[in-house]
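To start, the structure under review is shown below, and the notes come after it.
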């Protein structure tokens, strides 16, 4: 079965218009990087607050040189305090996750779980997998930016909670996944 000749004509016209539109688009050469004799980079006026006589220049004191709040290397083992904080966050997450009341569950998960994970349990049809956690929390994987914990439930099953380092969360760690 062959397409109607009008289809070929419309396709050719559309392709020609698209190509013509692309060729009319002016290209702009990238702005070259220049420096002053004092080696200060030139920036656009929109990105600089004018504070001195030399407009458009960024002084050394105007740059945000605040060091990162967390300086970790993935190969370094996490500190004991980090592990303790992650275990606390994971335990609070499991307590919240096992809460039957939807509103109370959300309140308990805030600050210890990612918003997307909290939203996953907002469905009124969600039923907790168990009533409580049984026994201690075990750390099964740990590095400075991600920790996975295992929790035994009163039903005999176990769940794994993966947390990532999040300085803005309640305990510095936030749950991003739970595996049943």
Exercise. What order do you get for 163, 109, 98 when you list them from fewest to most C-beta neighbours inside 10 Å?
Worked result: 98, 109, 163
Exercise. Say each of residue 107 and residue 164 gets a label point 7 Å from the Cα, pointing the same way as Cα to Cβ; how far apart are those two points in nm?
Worked result: 2.9
Seminar exercise, completed: With a ≥ b ≥ c from the Cα gyration tensor eigenvalues, square-rooted, and the rule rounded for a/c under 1.5, otherwise prolate when a/b > b/c and oblate otherwise, the range 120-169 is oblate
For this session: For residue 80 and residue 152, compute 0.36 nm times the residue count separating them, minus their Cα-Cα distance, and round to one decimal in nm.
Result: 23.7 nm
Seminar exercise, completed: So for the range 80-179, using the alpha carbon gyration tensor with a ≥ b ≥ c as root eigenvalues (a/c under 1.5 gives rounded; past that, a/b versus b/c decides prolate or oblate), I'd call it oblate
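So how much slack lies between residue 143 and residue 179, counting 0.36 nm per residue of separation and subtracting their Cα-Cα distance, in nm?
Result for the pair: 11.1 nm of gain on full extension.
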Exercise. Does anything in the range 141-172 have its amide N under 13 Å from the 7 Å Cα→Cβ label point of residue 131, and if so which residues?
Worked result: 154-156
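Every number in this text was worked out from the coordinates using simple rules, so none of it is lab data. Owing to the predicted nature of the structure, the values given are computational and were not obtained by experimental measurement. Every residue, glycine as well, gets a Cβ built from its backbone with ideal geometry; the counts of neighbours run over all protein chains shown.
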